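Please read the structure below before turning to the comments.
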Amino acid sequence: MSRNLWATALACGALFTGASAEAHVGCLVDHVTESDSTFPSTLQGKLAYHTYGSYGDGASQIFIYDFAARKVTQASSSSWGIQDPMNAVFSPDGQWLAFMGIKDDAWNIFMWRVDSADLPVNLTKSTGETSNEDPKFSADGTALFFKQDGDVIKAALSFENDMPVFSSQANLTHSSSIIESSMPYPSADGKLVFYAAGKASGLMGVYRLTLATGKKVVFDKPNGLEAYYPTVRQDGRVFYSRWKDSGGADQLYTKVNPSDKAEQLSINDCDSNNSDAFPVNGTDYVFFSSTTEGKYQLYLGEVSTGKRWSLSSFHVNDDTDKETLGANYFGG
């Protein structure tokens with residue numbers, strides 16, 4: 001899939017073992033979807049996601065599904081005056097959504113108070129000087145990481161009159177003009193940032209940057225294949241998208257350390273694209289999108305068993321003419 005579709009201490013001792021022991025089984029052909037009646041009842045938080053017909057069509061909208069209330073709400077509104085809002089992420093306290101969207105002819109980063117009538121706050125305020133995408137909160141909520149042009153930026157967050165502002169910004173990657181760095185995701189301990197990088201005309205790989213030193217190491221850059229969109233579980237396990245083979249089909253992989261062998265998850269459907277993994281902290285569950293039914297739809301997977309549940313019964317996949325992507329879960 002085109003990279004433009006993404007313009008994110010061990011909590012439970014058994015999880016680490018389960019992920020490493022079972023995840024490398026690989027993808028399954030004709031993957032069976034579990035019964036709706038067996039969907040994990042412990043998930044009672046909120047899920048943010050977005051839909052569009054095709055990337056850049058101007059029709060992207062952000063939605064929130066509330067598992068406790070069993071209700072879908074469209075979060076974005078025409079009153080915002082923002083084109084193509086997408087890639088929304090909850091703040092650690094669940095009070096805010098950060099997302100990217102087009103305002104004043106430029107991609108900008110916004111924050112919106114959840115369930116409010118407030119207009120989103122434009123944090124980057126670009127009118128074309130920069131392009132700002134892929135926001136992710138630090139685990140303590142004091143910073144936002146995002147892509148600005150071809151670099152990964154860390155911006156310190158503060159609040160003035162109860163509204164968010166950037167008090168400072170730091171370029172973490174200082175990429176050359178031919179390298180694009182994007183899709184940052186910080187570790188829960190605040191020490192590392194994982195991101196995708198590669199030549200604009202070449203293949204991307206996943207890298208790990210140590211914040212204290214600025215040291216960058218290759219996390220996964222398979223020969224002749226592309227890897228991108230890393231997300232990090234609270235225990236340090238990294239989930240990301242990687243081509244299955246030279247055909248370019250996306251599959252979900254996981255590992256912890258750069259030297260570890262990449263493990264292809266058994267929640268993958270071999271015959272589909274599977275991407276946009278978002279792990280649920282303290283569990284073995286991962287939200288993700290798959291094209292098993294044609295367009296991208298949202299699923300929940302259990303890493304250790306390979307079980308997967310469609311979210312269609314929750315009405316998040318109702319618009320089958322659109323792609324449904326960018327899952328981000330807040331558990332409360």
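The values are calculated or read from the model by the stated rules, or taken from the named source; none is laboratory data. Quantities reported herein were computed from a predicted structural model and do not represent experimental measurements. All Cβ positions, even for glycine, are placed from backbone atoms using ideal geometry, and neighbour counts span all protein chains on display.
Looking only at segment 103-117, which residues are surrounded by fewer than 19 Cβ atoms within 10 Å (Cβ to Cβ) and of a type in the set (A, V, I, L, M)?
Selection gives Ala106, Ala117.
Which condition does Tyr228 not pass, out of (1) hydroxyl-bearing (Ser, Thr, Tyr); (2) in contact with a Leu (Cβ under 7 Å, 6 or more places away or on another chain); (3) not in a loop (DSSP other than H, G, I, E, B), if it passes all the others?
Tyr228 satisfies every listed condition except (2).
For Val303, are the conditions met, namely being crowded, with 24+ Cβ neighbours inside 10 Å, of a type in the set (Val, Ile, Thr) and within 14 Å of the chain's Cα centre (by Cα)?
no
Which pairs turn up if I take residues in segment 153-182 that are loosely packed, with under 14 Cβ neighbours inside 10 Å and look for partners that are at pLDDT below 95 with beta carbon separation below 7 Å, at least 6 apart in sequence or on another chain?
Within 7 Å, the pairs are Ile178/Lys199; Ile178/Ala200.
For the subset of segment 210-249 comprising residues that are of a type in the set (A, V, I, L, M, F, W, C) and under 27 Å from Tyr296 (Cβ atoms), which member is surrounded by the fewest Cβ atoms within 10 Å (Cβ to Cβ)?
The qualifying residue surrounded by the fewest Cβ atoms within 10 Å (Cβ to Cβ) is Leu225.
If a residue has to be aromatic (Phe, Trp, Tyr), closer than 21 Å to Glu133 by Cβ and not in a loop (DSSP other than H, G, I, E, B) to count, how many in segment 28-69 make the cut?
3
Go over the candidates Arg208, Arg237, Arg233 one by one and state the one that is at pLDDT 95 or above and under 22 Å from Gly150 (Cα atoms).
Arg208
Kindly check whether there is at least one residue in segment 79-89 that is under 18 Å from Phe314 (Cβ atoms) and not in a helix (DSSP H, G or I).
Within segment 79-89, one or more residues are under 18 Å from Phe314 (Cβ atoms) and not in a helix (DSSP H, G or I).
What tally of residues in segment 100-118 results from selecting those that are of a type in the set (Gly, Ala, Ser) and outside any strand (DSSP E or B)?
Selection size over segment 100-118: 2.
What residue, of Pro135, Pro120, is under 24 Å from Lys199 (Cα atoms), of a type outside the set (Gly, Ala, Ser) and surrounded by 19 or more Cβ atoms within 10 Å (Cβ to Cβ)?
None of the other options fit; the residue is Pro135.
Looking at this structure, is Ala170 among the small types (Gly, Ala, Ser), under 29 Å from Gly205 (Cβ atoms) and within 21 Å of the chain's Cα centre (by Cα)?
So Ala170 does not fit the description; no.
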